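Please treat every number below as a calculation from the coordinates, not as lab data. Because the structure is a prediction, the values reported are computed rather than measured. Using ideal geometry, Cβ is built from the backbone for each residue, glycine included, and neighbour counts are taken over all protein chains shown.
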Amino acid sequence: MAAPIPTSRMMTVEEFFALPDTEEKQELVRGELRVTPPAGGPHGVAGANLVFALATHVRRDRLGHVFGDGVGYVLTRIPHTVRAPDASFVRSDRLPPNGVEPGPLKFAPDLAVEVLSPSETASSLEEKLHDYTVAGTPLIWVVDPERRAVMTVAAEAPVRWLFEGDVLDGGTVIPGFSCAVDVVFEGIARSA
């Protein structure tokens, strides 16, 4: 996946959500439109595997809702910023009692999952992690299909790297959730 293509025109959140649908992933970062082309197969497999594992647990225990790729979160603590994680989770006590309403979610997710693409730069990843942290996201998972590893960033805890043979857990954010890291990368060919 290529690096985001910045545009020169600054826009508001309202203008961002008025844009036509596209195959490319779009985010708004401090008023700047960021566009990336569709992700590759390993990215999609890892994201889908994780969404399936999370959704199974979350639905069974009625903990909230798991969202797949492309759901926009208006990060209200950062002006003119909408992030779209590759997967996310929101606790049930933070969702409307009658269900998710149309439009973007106007708060930070409880869990944001970013699946790396080969072209993702360290600075763009660092910016995403910073934005989620400032916005109040208590748990972030960075999934690296190439290294077959998951980095966990939790509020008030050291950053951890987990590899195949390790177990990924939801800590206090998703109580009782655990998943072998191997499951996240199931179906992805190993790099030569």
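Observations, loosely collected:
- By the beta-carbon count within 10 Å of each Cβ, the least crowded to most crowded order of 86, 144, 93, fewest first, is 93, 144, 86.
- Cα gyration tensor, the range 1-94 - rounded (a/c under 1.5), prolate or oblate: oblate
- Across the chain, Cα pairs under 8 Å and at least six residues apart give a relative contact order of 18 percent.
- Cα→Cβ-extended label distance, 7 Å offset, between residue 15 and residue 52, nm: 4.2 nm
- Maximal additional length on extending the residue 60-residue 95 stretch stands at 10.9 nm, based on 0.36 nm per residue less the C-alpha distance.
- For the range 131-149, the residues whose backbone nitrogen is under 20 Å from a point 7 Å from the Cα of residue 183, taken along Cα to Cβ, are 139-146, 148-149.
- Per-residue HN-Hα couplings for the range 109-117 [Karplus 6.51, -1.76, 1.60; θ = phi - 60°; Hz; x = Gly/Pro]: x, 6, 10, 10, 10, 10, 9, 5, 10
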